[in-house]
1. Filtering region 53-67 down to residues that are surrounded by 15 or more Cβ atoms within 10 Å (Cβ to Cβ) and at pLDDT below 85, which residue is farthest from PRO87 (Cα to Cα)?
2. Could you check how many residues of region 1-34 are in a loop (DSSP other than H, G, I, E, B) and not acidic (Asp, Glu)?
3. What do you reckon, is ALA90 farther than 16 Å from GLU3 by Cβ and modelled with pLDDT of 80 or more?
4. What single numbered condition from (1) crowded, with 17+ Cβ neighbours inside 10 Å; (2) closer than 16 Å to PHE84 by Cα fails to hold for ILE41?
5. State which residue is farthest from ARG13 (Cα to Cα) when the search covers only region 34-58 and only residues that are touching a helix residue (DSSP H, G or I) at 6+ places or on another chain (Cβ under 8 Å) and touching a residue at least 40 places away in the same chain (Cβ under 8 Å).
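The values are calculated or read from the model by the stated rules, or taken from the named source; none is laboratory data. The shown structure was predicted, so the numbers you read here are calculated from the model rather than taken from an experiment. All Cβ positions, even for glycine, are placed from backbone atoms using ideal geometry, and neighbour counts span all protein chains on display.
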Amino acid sequence: MAEGILKDLFGDRYDAYSAGTSPTSVNPYAIKVMAELGIDISKNRAKSIEEFRGMDFDYVVTVCNDAKESCPFFLGKIHIHMGFEDPAFAKGTEEEILKTFRKVRDEIRKWIIKYFGDLSQNSGRENG
């Protein structure tokens, strides 16, 4: 969700790449709640951080606590960690699960606007 939001809001300023420590597939609930914002991530695919090993990034952002602990080798000029609840572990009815996904989506969006909106006022296009 973070990649889709960053590309939607600041795609003219940042190149965003998303990967996980144990990727499976893009969660259908994530696809659904992102579509509510007009962001289509249905064609995205879950990628392993191994696909990006050796690439040079201006920013490396981790958004789940397990990712922060699992990828200390992944280097960037600036490492940013912002822990969010992993909505993939949500339990309950479909509406309860969607509520969790929406909550996390909105928290990520708010954080991206604040953090990367401030950064984007500084310079040109950056990799993150």
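1. Of the residues in region 53-67, the ones surrounded by 15 or more Cβ atoms within 10 Å (Cβ to Cβ) are 57-64, 67.
Those still in the list that are at pLDDT below 85 too: 60, 62-64, 67.
Values: VAL60: 21, THR62: 15, VAL63: 12, CYS64: 10, ALA67: 14 Å.
Selected residue: VAL60.
2. Step one: filter region 1-34 for residues in a loop (DSSP other than H, G, I, E, B), giving 1, 11-13, 16-19, 21-27.
Subsequent filtering for residues that are not acidic (Asp, Glu) retains 1, 11, 13, 16-19, 21-27.
Residues meeting the conditions: 14.
3. Working: farther than 16 Å from GLU3 by Cβ: yes; modelled with pLDDT of 80 or more: yes.
Considered against the rule, which asks whether it is farther than 16 Å from GLU3 by Cβ and modelled with pLDDT of 80 or more, ALA90 comes out as yes.
4. (2)
5. The residue in question is GLU36.
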